Structures are given as C-alpha cells and as structure tokens.
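Q: This is the structure I have questions about; it appears just below.
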Amino acid sequence: MRILVIENMAKTELGQVGTALREAKAEIEVRRAYLGEAVPEAPDGYDALVVLGGEQSALDDAAYPYLPDLAALMRAFGDSDRSVLGICLGSQLLARAYGAANLLGAAKEFGWCQVHVRGEGAADPVLSSVGESFPIFQWHGDTFTLPEGAVHLAENTVTTHQAFRVGRAAYGTQFHFEADTHLVEDWNRAFPETINRLDPTWLARYREHAARHGREADAAGLALARAWVATIGGRNGAAATAGPVLEDVDG
C-alpha cells in the first residue's frame with residue numbers, strides 16, 4: 001500500500017500512525033507542504049492520505065496558500081473511497097473540505113485529556129478499538145461544526161467534535177493519537193516557550209502527568225492507529241498490496 005502524508009509544520013511526525021503503517025509494510029511518501037513542497041492534485045497512485053497537525057488555522061490561506069488545495073485533495077480521497085486520516089489541523093481541514101464551519105479559538109485543550117466514545121463510535125471500525133473512554137494528548141485552540149452526513153464518533157466537555165467519519169473511512173480526530181509519550185517529550189524539548197504560555201506548570205509536572213496518563217494514552221493511540229490502517233485498501237472491496245517501506249519522516 002502507498003500512503004501520502006502531508007506535514008503542515010516542522011517537528012510533526014507520524015508517531016504511532018507510523019508504527020502501524022510500518023507493521024503493514026506500507027510505502028510512505030511525505031510532502032512538507034509548509035516548506036512549499038507540492039500537494040498532489042489528485043489521489044491517483046495512493047491508497048490513503050494522512051494530514052498532520054500544525055500551528056496555523058484551517059482558514060489561514062493567506063499565509064499558507066496551499067490549504068484550499070489540501071482540503072480539496074482530502075475530499076477527493078474521501079469521495080474516491082480511499083482511507084483518509086486528518087489529525088488536529090488535519091481534522092479541521094477535513095471538516096472544511098466537506099462544507100463544515102471552522103470555529104477559531106473556540107475550544108482550547110492542552111495535555112492528556114479524557115475523550116468519550118459515542119454510541120456511533122462504539123459501532124465504528126476504528127473508534128471501537130478503545131472502549132468507552134480513554135486519555136489522549138490534545139493541543140488545539142480551534143474546532144469545527146460537524147459536516148453534513150458525517151458520523152459523530154467521540155466527544156468531551158471542551159470539544160464536542162473530537163472525532164468523526166465521512167463515508168467509509170475518511171476520519172478526523174481533533175486529538176493527537178499519533179503522539180505517544182516519546183513524541184510528547186520531543187515536543188516538550190522543541191516548543192518550551194509555547195508550552196509555558198499554554199500551561200506554565202506543564203514542564204515542571206510533566207513526569208507526574210506522564211505517570212498518570214502516558215501508558216494508557218499510548219495504548220489507546222496505537223490501537224486507533226492499527227484500526228485505521230486496517231481500513232486501507234477496503235474501497236470497492238479491493239485489497240491493497242503491500243510494498244517495501246520507503247519512509248521519509250522527520251526525526
């Protein structure tokens with residue numbers, strides 16, 4: 001299977017999603033759109049698309065003029081029944097792609113937070129992998145309305161639309177389930193000033209937070225990653241063929 005990954009910011013990595021893709025012997029092609037690398041015009045030649053997070057909003061077209069094209073590409077993947085995964089900013093772009101509204105600054109979360117799986121999620125091939133509730137890493141200020149016809153999969157008290165699905169396998173998750181404790185610690189080192197503005201106690205109390213939530217969050221994230229990867233190649237009943245791992249990922 002051949003997977004297209006779009007990075008929107010430095011230091012974003014596939015994390016647990018990369019682990020699951022490597023287990024499936026996926027060929028991974030990374031485009032660093034924030035550096036000006038071209039976003040493909042169509043999904044031809046790919047089995048799935050992953051769009052990672054970033055510091056920009058999903059409406060920040062002036063500074064990041066590729067965003068409308070990326071949203072259109074996400075919809076093209078989804079409409080062709082290919083698997084799509086949008087994480088954080090990626091989920092906001094997926095919502096935009098399917099006609100929902102982006103709500104800037106309307107839902108601020110940082111750190112490990114509890115997320116609750118809705119009844120629809122309990123019946124979903126991906127969200128059903130984590131039970132009724134799980135802690136997972138969050139880092140966002142924006143949110144979105146639910147696209148028309150989308151399935152609402154998960155929520156919490158701060159962010160109503162934590163996860164949704166459009167069609168068979170186009171998923172948006174506001175939470176960072178790719179971020180295991182290793183990746184969170186990388187972010188602690190890379191972005192200390194930003195983190196201190198969000199939570200002045202986070203870095204000093206990080207070990208306490210990690211001891212309380214890290215293991216369970218890591219397990220939930222990997223379960224979600226493996227379940228999403230299992231959706232790849234399911235379009236029109238076709239089976240994906242595994243190829244060699246050709247990975248180009250920061251870190």
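The values are calculated or read from the model by the stated rules, or taken from the named source; none is laboratory data. The structure presented is a predicted model; accordingly, all values stated were derived computationally and were not measured. Note that each Cβ is placed from the backbone with ideal geometry, even for glycine, and that neighbours are counted across all protein chains shown.
Q: Quick check on F164: is it in contact (Cβ under 8 Å) with a residue 24 or more places away in the chain, touching a Cys at 6+ places or on another chain (Cβ under 8 Å) and among the aromatic types (F, W, Y)? Walk me through it before giving the result.
A: Details: in contact (Cβ under 8 Å) with a residue 24 or more places away in the chain: yes; touching a Cys at 6+ places or on another chain (Cβ under 8 Å): no; among the aromatic types (F, W, Y): yes.
The answer is no for F164.
Q: Any idea which of (1) part of a loop (DSSP other than H, G, I, E, B); (2) within 26 Å of Q16 (Cα to Cα) is the one P65 doesn't satisfy?
A: (2)
Q: Specify the residue that is farthest from the chain's Cα centre (by Cα); the eligible residues are those in segment 33-68 that are among the charged types (D, E, K, R) and closer than 24 Å to L104 by Cα.
A: Going residue by residue through segment 33-68, those that are among the charged types (D, E, K, R) are 37, 41, 44, 47, 55, 60-61.
When the remaining residues are screened for being closer than 24 Å to L104 by Cα, the result is 55, 60-61.
Working: E55: 14, D60: 18, D61: 20 Å.
Result: D61.
Q: Condition test on D60, is it in a helix (DSSP H, G or I) and either at pLDDT 95 or above or not hydroxyl-bearing (S, T, Y) (or both)?
A: Values: in a helix (DSSP H, G or I): no; either at pLDDT 95 or above or not hydroxyl-bearing (S, T, Y) (or both): yes.
Here the answer is no, as D60 does not meet what is asked.
Every residue, every condition in (1) among the small types (G, A, S); (2) surrounded by fewer than 21 Cβ atoms within 10 Å (Cβ to Cβ); (3) at positive phi, yes or no:
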| site | (1), (2), (3) |
| --- | --- |
| H152 | no, yes, no |
| R168 | no, yes, no |
| Q174 | no, no, no |
| A179 | yes, no, no |
| F191 | no, yes, no |
| A204 | yes, yes, no |
| E216 | no, yes, no |
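Q: Another one. If H116 passes every condition in (1) surrounded by fewer than 16 Cβ atoms within 10 Å (Cβ to Cβ); (2) more than 20 Å from A227 (Cβ to Cβ) but one, which one does it miss?
A: (2)
Q: Could you please find all residues in segment 12-39 being part of a helix (DSSP H, G or I), surrounded by 14 or more Cβ atoms within 10 Å (Cβ to Cβ) and not aliphatic (A, V, I, L, M)? I'd like the intermediate steps shown before the answer.
A: Step one: of segment 12-39, the residues part of a helix (DSSP H, G or I) are 15-23, 33-35.
When the remaining residues are screened for being surrounded by 14 or more Cβ atoms within 10 Å (Cβ to Cβ), the result is 15-22, 33-34.
Selection gives G15, Q16, G18, T19, R22, Y34.
Q: Hey, another quick one. Going by the structure shown, is F110 surrounded by fewer than 22 Cβ atoms within 10 Å (Cβ to Cβ), in contact (Cβ under 8 Å) with a residue 24 or more places away in the chain and assigned to a strand (DSSP E or B)? Before you say what the answer is, go through the steps one by one.
A: Details: surrounded by fewer than 22 Cβ atoms within 10 Å (Cβ to Cβ): yes; in contact (Cβ under 8 Å) with a residue 24 or more places away in the chain: yes; assigned to a strand (DSSP E or B): yes.
Judged against the criteria, F110 is a match.
Q: Also, quick follow-up: Inspect all residues belonging to segment 1-11 and state whether any of them is buried (at least 20 other Cβ atoms within 10 Å of the Cβ), out of contact with any Phe, Trp or Tyr (no Cβ under 6 Å at 6 or more places or on another chain) and either without any contact (Cβ under 8 Å) to a residue 24 or more places away in the chain or not in a strand (DSSP E or B) (or both). Before you say what the answer is, go through the steps one by one.
A: We begin by selecting, within segment 1-11, every residue buried (at least 20 other Cβ atoms within 10 Å of the Cβ); these are 1, 3-8.
Checking the rest, the ones that are also out of contact with any Phe, Trp or Tyr (no Cβ under 6 Å at 6 or more places or on another chain) come to 1, 3, 5-7.
Add one more test, that the residue is either without any contact (Cβ under 8 Å) to a residue 24 or more places away in the chain or not in a strand (DSSP E or B) (or both), and what stays is 1.
Yes, segment 1-11 contains a residue that is buried (at least 20 other Cβ atoms within 10 Å of the Cβ), out of contact with any Phe, Trp or Tyr (no Cβ under 6 Å at 6 or more places or on another chain) and either without any contact (Cβ under 8 Å) to a residue 24 or more places away in the chain or not in a strand (DSSP E or B) (or both).
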